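Contents: one structure, followed by commentary.
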Amino acid sequence: MGTEFVGTTPWKRISAALASTGPRAAAIAYLGIDGPRLLRGLRRGDLLVVNASKEAVASHATSPAAIATLMARGVTVKTSARLHAKVAATADRAVIGSANASAHSQASDEAVVITDVKSLVRDTRDYIDAIAVDATLITEEYLQYLQQVWDQAPRATPLPGVNAVSAETGLLPRRVAAVIVVPTEYDDLTTSERAAIAETIQDIPEFPVDAFQLPDGDTGYPIDTVLLRYDELRHTILRPAVTYSQALSPIPTRGTGTYQLIREQRGHRSRKTAAIRAHLSPGQTHSFNRALAAGTDVPLPPALSKTLLALWKLHPSFN
């Protein structure tokens, strides 16, 4: 393998590297709610150092729920308020780069170097171990304190690559990639498959996670895309959903197929298309009808997108 530079969206490669031979250790400053999924290679006996300072948790840059998930998996989690590095090491791989373990990091321009050069692997592990010596072990009692800090903190200011993700700061991201009307007829995930997918993620009560099945061969939607899912049989637009993962495969129990993780907002409800039309201008109604009749994905213009999302009291800003 040697040494390889991976830019833009490196998390698939990072996760694969962390799944190689243990023991494993990582020092990653900020751990978002999606961190356990991104760090799924970490297992019982492995080490993770994060920045779970009061300031990091209050700003929703580091998630106590994510820490709890990793601790339940048997990972030793420590905190260092000085930590800003993003590095990891296994028995035969090292990852050195800029990527925090968060969903929005996947949508930011990140870069890492992945190497199997023994001297670099050893130096990276030594660096993590040295940080861990002075870091504080997160106990169940301390975790309860961090959860209180999280719960009592005001709405966080979005920071790209750190905490600007729907799970932490609201359903809509700071900038919406697109608003797309999508048909639902090819989404036939079963209840058991959805349950199996749900076991791999950490949910937040206010913003429940679901999975959306993609057509065979589909590469998915960009992260931070708003999906208005059209149920033609019921003449209904399901409550808005925001993509927060890349396309994933296979679908549990099938061994094939592709899906994408989406977040919704509790309290939002589906709306009948006839009721939606009552809020649209004639020109918007024409565009809306054309999108519904297309039978395929249709990106909506910003003006129509804003009018539609306002029905759920959502107010998007676009890239």
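The values are calculated or read from the model by the stated rules, or taken from the named source; none is laboratory data. These numbers were taken from a predicted model, which means no experiment stands behind them. Cβ sites come from the backbone with ideal geometry, for glycine too, and all protein chains shown count toward neighbours. Quick note on the areas: whole protein, heavy atoms, side chains included, nothing else; ligands and nucleic acids left out. Shrake-Rupley method; radii C 1.70, N 1.55, O 1.52, S 1.80 Å.
Percent relative contact order of the chain, based on C-alpha pairs within less than 8 angstrom and at least six residues apart? Could you put the intermediate results ahead of the total?
On the way: 691 pairs, mean separation 52.1, N = 319.
In percent, rounded to a whole number, it is 16.
Under a crude label model (7 Å from the Cα following the beta-carbon direction), how far is ASP218 from GLU185 in nanometres?
1.3 nm
Counting other Cβ atoms within 10 Å of each Cβ, which trypsin sites (Lys or Arg not before Pro) in the stretch 27-67 have at most 10 and sit in a DSSP loop?
Details: sites: ARG37, ARG40, ARG43, ARG44, LYS54; in loops: ARG40, ARG43, ARG44.
Filter output for the stretch 27-67: ARG44.
Among LEU31, ALA303, ALA17, flag the residue with its Cα farthest along the positive direction of the charge dipole of the chain, charges on Cβ as +1 for Lys/Arg and -1 for Asp/Glu.
ALA303
Hey, with R₀ at 22 Å, roughly what FRET efficiency would ASP123 and GLU55 work out to, going by the Cβ-Cβ distance, to 0.05?
Numbers: r = 29 Å, r/R0 = 1.33.
Computed FRET efficiency for ASP123 and GLU55: 0.15.
Take TYR142, project a point 7 Å from its Cα along the Cβ direction, then tell me which residues of the stretch 32-51 have their backbone nitrogen under 20 Å from it.
Only 32-33, 35-36, 43-51 fall inside the zone, counting backbone N under 20 Å.
Excluding ligands and nucleic acids, what accessible area in Å² is computed for ILE96 using a 1.4 Å probe, to the nearest 10?
Number for this one is 70 Å².
Once label points are set 7 Å from the Cα along Cα→Cβ at both ALA274 and ASP231, what is their separation, rounded to one decimal in nm?
Here the modelled spin labels are 1.6 nm apart.
Leaving ligands, DNA and RNA out of it, report the carbon-plus-sulfur percent of the accessible area of the chain at a 1.4 Å probe.
52 percent
Suppose every K and R has +1 on its Cβ and every D and E has -1 on its Cβ; what is the size of the dipole of the stretch 198-319 about the Cα centre, in Debye to the nearest 20?
620 debye
Going Cα to Cα from LYS86, which lysines come in below 29 Å? Please leave out same-chain ones fewer than 8 positions away.
Within the straight-line cut-off, LYS86 pairs with LYS12, LYS54, LYS78, LYS118.
Using 0.36 nm per residue, how much length does the chain from LYS313 to VAL133 gain when fully extended, once their Cα-Cα distance is taken away?
Working: separation 180, 0.36 × 180 = 64.80 nm, distance 4.81 nm.
Going from the current span to full extension adds 60.0 nm.
How far, in nm, would the chain grow between ARG73 and ALA294 when pulled straight, counting 0.36 nm per residue and subtracting the alpha carbon separation?
Working: separation 221, 0.36 × 221 = 79.56 nm, distance 4.55 nm.
Full extension of this stretch gives 75.0 nm more.
Just to be sure I understand, if you calculate semi-axes √(5λ) of the Cα gyration tensor in Å for this structure, which of [x] 54, 25, 15; [y] 38, 21, 17; [z] 28, 22, 20 do you get?
It is the one labelled [y].
Take the alpha-carbon centre of the stretch 1-62, take the same for the stretch 259-319, and report the distance between them in whole Å.
Here the answer is 36 Å between Cα centres.
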